[in-house]
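The values are calculated or read from the model by the stated rules, or taken from the named source; none is laboratory data. Note that this is a predicted model, so its numbers are computed, not measured. Cβ atoms come from the backbone with ideal geometry, glycine included; neighbour counts cover every protein chain shown. Remember, those area values only see protein heavy atoms, side chains included, never the ligands or the DNA or RNA. Shrake-Rupley method; radii C 1.70, N 1.55, O 1.52, S 1.80 Å.
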Amino acid sequence: MSDTHSVRAYSMGAMILHWLIAALILTQLAVGFLMSRVDSVPDTLRFAMFQWHKTFGVAVLTLTIARIAWRLFHTPPAHAPMSRAEATAASIVHVLFYALMLIVPLTGWLLVSASSTGIPTFLFLSQSLVWPHIFVPTSIRATVETVSDYAHIILAYGFGLLLVLHVAGALKHSLIDKMPSFSRMLPLGWLTRMPSSAIGALVSVVLALCFIGGGLAISQTGAPTAVNAANLGPTSAAPSGWVIDKAKSKLAYSINFSGTPTAGTIGTWDATVDFDPDNLAAAKASISIAAASVDFDNPFVKPNISGDDGLQTAAHPLVEVVLDRFERAGAAYIGHGNVLIRGATVPVSVAFDMKRDETGRAIATGSAELDRLVLGLGLQNDAKGEWLDKLIRVSFTLEASPSGPTS
Ligand code: HEM
């Protein structure tokens with residue numbers, strides 16, 4: 001163990017890829033642990049951590065493809081002088097590293113692809129960078145999800161262990177054997193570097209770009225189409241005590257996503273209201289909503305709104321609310337009735353107050369709370385309310401002028 005002069009450093013490309021991948025893996029281990037095991041991480045942050053974890057994981061996979069291509073074109077420098085057993089151990093650790101650099105991100109990717117929580121993967125949290133999910137047949141989804149989850153967790157922490165061994169080996173060579181070790185992977189030392197080849201660099205970059213670009217392109221072709229607002233047609237001809245001024249009225253909702261209140265919009269709706277505060281027994285209100293005009297300001301949930309796990313707009317184009325029992329609640333009112341959604345009827349209560357100006361015009365503001373699980377919404381994607389809260393808060397402001405007998 002004497003000749004340090006024959007020891008050579010890795011090629012520049014190998015060094016760059018080594019440190020980039022190492023930094024990402026350490027970040028992945030820390031972020032993965034925090035988001036999965038630390039309860040005190042706020043929900044608002046946890047969701048973003050999952051998305052960054054997926055982004056960095058895809059980056060590890062991409063850079064590993066580049067690293068393997070680089071390796072095919074560049075022979076690594078020979079081991080620094082060491083015993084045969086140590087050289088064998090070092091080689092085994094390196095092969096295991098390559099295997100885990102591929103398998104750990106792949107199991108993570110498989111896990112999110114098979115997950116019952118069908119949350120899309122947006123690289124860098126950008127809606128225009130959709131990463132595709134691997135196709136997993138429905139019949140084996142649950143099994144694939146469980147197996148890949150276990151594999152990801154065990155192999156990821158195994159990766160951490162291997163890193164410790166790897167660094168311990170490097171420290172032993174440097175500090176005990178007094179052999180160049182870290183300097184073989186640093187561009188600063190006096191060691192002669194292995195040469196870099198232009199063709200190797202080109203192939204590595206092209207393969208990495210093909211992988212990441214190909215993935216993003218596949219998603220573009222399968223991207224969900226925008227939800228079209230349906231036209232409810234002319235204002236309902238049903239007799240109404242009030243003519244709703246739709247330009248000044250608003251119907252909306254909000255649901256907490258990952259702890260953050262997120263707005264939902266209702267584009268096309270119509271309402272007929274017969275409401276006389278002095279004759280509550282005869283009061284009645286109904287609202288029809290074009291299901292396809294319902295939107296939600298969250299790119300992860302939005303693609304599911306109209307489909308099977310959402311409002312099923314193709315089969316059920318209208319969501320209807322009918323309130324036919326009213327009572328006073330102090331200076332305000334509560335209307336009771338039903339909401340007809342996806343062909344099922346669910347009871348609902350709406351609290352509101354109503355003010356009138358000197359011209360007789362009325363402004364009613366109110367709200368209602370609905371449990372999306374009771375409505376059957378999002379059961380496939382998030383039945384536990386892990387990311388998307390169960391509570392839907394509907395709010396409205398209706399401005400109306402009296403018409404006919406009620407004034
Ligand atoms: C080198 C790359 C990666 C490393 C080192 C890594 C590491 C980890 C770690 C340490 C955990 C925490 C496990 C636990 O304590 O439960 C974790 C969880 C997770 N990772 Fe990764 N990961 C990588 C890549 C990926 C990729 C590419 C994806 C998806 C595209 C992904 C998706 C996930 C998910 C969804 C979880 C949560 C698992 C659960 O809730 O049970 N990971 N990862």
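Any idea how many residues of segment 63-112 are in contact (Cβ under 8 Å) with a residue 24 or more places away in the chain and either outside the structural domain of Gly158 (by TED's automatic domain parsing) or among the charged types (D, E, K, R) (or both)?
Residues of segment 63-112 that are in contact (Cβ under 8 Å) with a residue 24 or more places away in the chain, as a first pass: 63-78, 80-82, 86, 89-90, 93, 96-98, 100-112.
Then drop every residue that is not either outside the structural domain of Gly158 (by TED's automatic domain parsing) or among the charged types (D, E, K, R) (or both), which leaves 67, 71, 86.
Summing the residues that are in contact (Cβ under 8 Å) with a residue 24 or more places away in the chain and either outside the structural domain of Gly158 (by TED's automatic domain parsing) or among the charged types (D, E, K, R) (or both) in segment 63-112 gives 3.
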Of all residues in segment 140-197 being within 16 Å of the ligand (Cβ to nearest atom) and of a type in the set (Ser, Thr, Tyr), which is least open to solvent (accessible area, probe 1.4 Å)?
-> Ser148
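So in segment 26-47, with the set limited to residues that are open to solvent by 30 Å² or more (accessible area, probe 1.4 Å), of a type in the set (Gly, Ala, Ser) and outside any loop (DSSP other than H, G, I, E, B), which one is farthest from the ligand (Cβ to nearest atom)?
So in segment 26-47, the residues open to solvent by 30 Å² or more (accessible area, probe 1.4 Å) come out as 26-27, 29-30, 33-34, 36-40, 42-46.
Applying the additional criterion that residues be of a type in the set (Gly, Ala, Ser) yields 30, 36, 40.
In the following step, the residues that additionally are outside any loop (DSSP other than H, G, I, E, B) were identified as 30, 36.
Working: Ala30: 8, Ser36: 4 Å.
Here the residue is Ala30.
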Among the residues of segment 108-117, is any more than 9 Å from the ligand (Cβ to nearest atom), among the aromatic types (Phe, Trp, Tyr) and either open to solvent by less than 20 Å² (accessible area, probe 1.4 Å) or touching a helix residue (DSSP H, G or I) at 6+ places or on another chain (Cβ under 8 Å) (or both)?
-> no
Name, by its number, the condition in (1) within 30 Å of Asn298 (Cβ to Cβ); (2) within 11 Å of the ligand (Cβ to nearest atom); (3) out of contact with any strand residue (DSSP E or B) (no Cβ under 6 Å at 6 or more places or on another chain); (4) in contact (Cβ under 8 Å) with a residue 60 or more places away in the chain that does not hold for Leu123.
-> (3)
Test Phe182 against the stated conditions and say whether it is within 30 Å of Gly213 (Cβ to Cβ) and not hydroxyl-bearing (Ser, Thr, Tyr).
-> no
Hey, Leu17 hits all of (1) surrounded by fewer than 15 Cβ atoms within 10 Å (Cβ to Cβ); (2) part of a helix (DSSP H, G or I) but one; which does it fall short on?
-> (1)
Mind checking whether some residue in segment 126-137 is part of a helix (DSSP H, G or I) and more than 9 Å from the ligand (Cβ to nearest atom)?
-> no
Filtering segment 80-107 down to residues that are hydroxyl-bearing (Ser, Thr, Tyr) and closer than 22 Å to Leu20 by Cα, which residue is nearest to the ligand (Cβ to nearest atom)?
-> Thr107
Hey, Leu370 closer than 25 Å to Pro261 by Cα, in contact (Cβ under 8 Å) with a residue 40 or more places away in the chain and open to solvent by less than 60 Å² (accessible area, probe 1.4 Å) or not = no
Name the pairs: first residue in segment 338-351 and closer than 12 Å to Asp371 by Cα, second residue of a type outside the set (Ser, Thr, Tyr) and open to solvent by 60 Å² or more (accessible area, probe 1.4 Å), Cβ to Cβ under 6 Å, at least 6 apart or on different chains?
-> Val346/Val374; Pro347/Asn338
Within segment 264-278, which residues are surrounded by fewer than 14 Cβ atoms within 10 Å (Cβ to Cβ) and in contact (Cβ under 8 Å) with a residue 40 or more places away in the chain?
-> Pro277
Would a scan of segment 319-326 turn up a residue that is under 26 Å from Thr260 (Cα atoms) and open to solvent by 20 Å² or more (accessible area, probe 1.4 Å)?
-> no
Here the qualifying pairs (Cβ atoms under 7 Å; residues six or more apart or on different chains; first in segment 200-222 and closer than 11 Å to Ile68 by Cα; second open to solvent by less than 50 Å² (accessible area, probe 1.4 Å) and outside any helix (DSSP H, G or I)) come out as Gly200/His74
